[in-house]
Structure formats: C-alpha cells, structure tokens
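Below: the structure, in structure tokens.
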C-alpha cells in the first residue's frame, strides 16, 4: 500500500573531517532528513539543513524531545517565544546546560534510532 512521502528542498553536503568535528561513529548511509517536529527520542542529530548546505554540529548528539516551554528559564527557549509557528525542544540540558529549541518545520539531518523497515522488491 502506498505511503505518503515528503520531499525537502535541502542540500546535504559531506560530513566535515577536521579537528573541530568529532569523528562520525555511525554509518551515514542511514542518515535522513526530517522536520525538527518529527525527531524522536534516541535519534542522533547530525546537522541543521537549508539550501546553503548542512551545518554539522561539532559533536552529534542524541535527541531527547520535550514540549517547548518559552519560560523554562534555560536562557535559550525565550529567544523563540515570538516564533510564528510551532517550536520543539530536541534536547533538554544535554549535551549543553540549556535547552535546544527548534522551529518545528526546520530541517534536521539525523540517523534515526529506529530505522525504516527494509522494503522488499517485487519482481
């Protein structure tokens, strides 16, 4: 049965292999683009995406999504309090000492915690 598919206008560039970026310990073949609002617990967040390319984080981190609370007191959530659309928190105080809020429609490059099922080919 056909399932809906989203196509994103984004450029995924190669992972940076320099002194500022930790070695990627996961096979990037499993990486996929999702909206921040679709990130799930345990996904490995590699980069933010836009038409300019992939902005890889120095250290990929594990998502621990939580509801967004603009007045949580972390010092970061308050900056998106006036954002015109939904906001999600992808990590709360790990690996940083503040929350990690994202506009829910922003694109994120992840390695999912739960991989998509293998598709069988029909002959």
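Taking a ≥ b ≥ c as the square roots of the Cα gyration tensor eigenvalues, the stretch 28-111 comes out prolate, since a/c reaches at least 1.5 and a/b is larger than b/c. In terms of packing, defined here as the mean over residues of other Cβ atoms within 10 angstrom, the peptides 51-57, 98-104 line up highest first as 98-104, 51-57. Extending 7 Å from Cα along the Cβ direction at residue 51 and again at residue 83 yields two label points whose distance is 2.1 nm. For the pair residue 71 and residue 96, the difference between a 0.36 nm per residue extended length and the Cα-Cα distance amounts to 7.2 nm.
Values in this text are rule-based calculations from the coordinates and carry no lab data. It should be emphasised that the depicted structure is a prediction, and the values quoted were computed from it without experimental measurement. Cβ sites come from the backbone with ideal geometry, for glycine too, and all protein chains shown count toward neighbours.
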